[in-house]
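Peer 1: Supplied in structure tokens, the structure appears directly below.
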Amino acid sequence: IEVNLCFLSPKPTLEDARSWTISFEKVMKSAAGRSCFRQFLRTEFSEENMMFWLACEELKKETNKTVVEEKVRQIYEDFISILSPKEVRWHHGRTEDLINRNMLEPTSHTFDDAQQQIYTLMQRDSYPRFINSATYTDLLKGLEDPPPEP
Ligand SMILES: *[C@@H]1O[C@H](CO)[C@@H](O)[C@H](O)[C@H]1NC(C)=O
């Protein structure tokens, strides 16, 4: 049996897990929600969207200029080529132009626009499938009816 990591990392409360049907925002604001959603994306081979989004969140917290520049370069190398244009319809190349321009002067907000687009993409595209997926429904079932103690 394949382990459903949604029970583990970290384990959500039933209330938390149930709230994820309300909105994508509820998923993304919960550590367990982000982790479970990422687990689902892995089954759809689009985990890199979430990894990019998380990397941008980390970048936004960074204040050290040297580290910011390193992280920007790393994110660019790791994600921009694979996310674009396969996954995302960057607005007719405008986002790509913007990123390339921002790369000349990297800041912790270089990818804000791209991050927002990826968020919208996940919300529109993957989130409705997540809510109907076995990954999520099995989690809810498991939280509602815990297995009997041995
Ligand atoms: C910024 O990070 C670099 C590399 O990690 C480090 O050498 C430097 O001391 C840091 N600068 C500040 C102001 O913390």
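The values are calculated or read from the model by the stated rules, or taken from the named source; none is laboratory data. The structure presented is a predicted model; accordingly, all values stated were derived computationally and were not measured. In this analysis, Cβ positions are derived from the backbone assuming ideal geometry, glycine residues included, and neighbour counts consider all displayed protein chains. Side chains included, ligands, DNA and RNA excluded: accessible areas come from the protein's heavy atoms. Shrake-Rupley method; radii C 1.70, N 1.55, O 1.52, S 1.80 Å.
Peer 1: I need the full set of residues from segment 100-126 which are assigned to a helix (DSSP H, G or I) and either in contact with a His (Cβ under 6 Å, 6 or more places away or on another chain) or open to solvent by less than 30 Å² (accessible area, probe 1.4 Å) (or both), in order please.
Peer 2: If the condition is that a residue be assigned to a helix (DSSP H, G or I) and either in contact with a His (Cβ under 6 Å, 6 or more places away or on another chain) or open to solvent by less than 30 Å² (accessible area, probe 1.4 Å) (or both), then ALA114, GLN115, GLN117, ILE118, LEU121, MET122, SER126 are the ones that fit.
Peer 1: Ok, one more. Could you grab the pairs with beta carbons closer than 7 Å, sequence gap of 6+ or different chains, first residue in segment 39-64 and free of Cβ contacts under 8 Å to residues at least 24 places away in the same chain, second one not small (Gly, Ala, Ser)?
Peer 2: Between residues of segment 39-64 that are free of Cβ contacts under 8 Å to residues at least 24 places away in the same chain and residues that are not small (Gly, Ala, Ser), the close pairs are GLU47/ARG38; GLU47/LEU41.
Peer 1: In addition: Scan segment 54-71 residue by residue and report those that are of a type outside the set (Lys, Arg) and either touching a His at 6+ places or on another chain (Cβ under 6 Å) or away from the ligand (no atom under 16 Å from the Cβ) (or both).
Peer 2: LEU54, ALA55, CYS56, GLU57
Yes or no, residue by residue, for (1) surrounded by 14 or more Cβ atoms within 10 Å (Cβ to Cβ); (2) more than 16 Å from the ligand (Cβ to nearest atom); (3) modelled with pLDDT of 95 or more:
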{"position": "ILE22", "(1), (2), (3)": "no, yes, yes"}
{"position": "ASN49", "(1), (2), (3)": "yes, yes, no"}
{"position": "PHE52", "(1), (2), (3)": "yes, yes, no"}
{"position": "ARG73", "(1), (2), (3)": "no, no, no"}
{"position": "ASP78", "(1), (2), (3)": "yes, yes, no"}
{"position": "SER81", "(1), (2), (3)": "no, yes, no"}
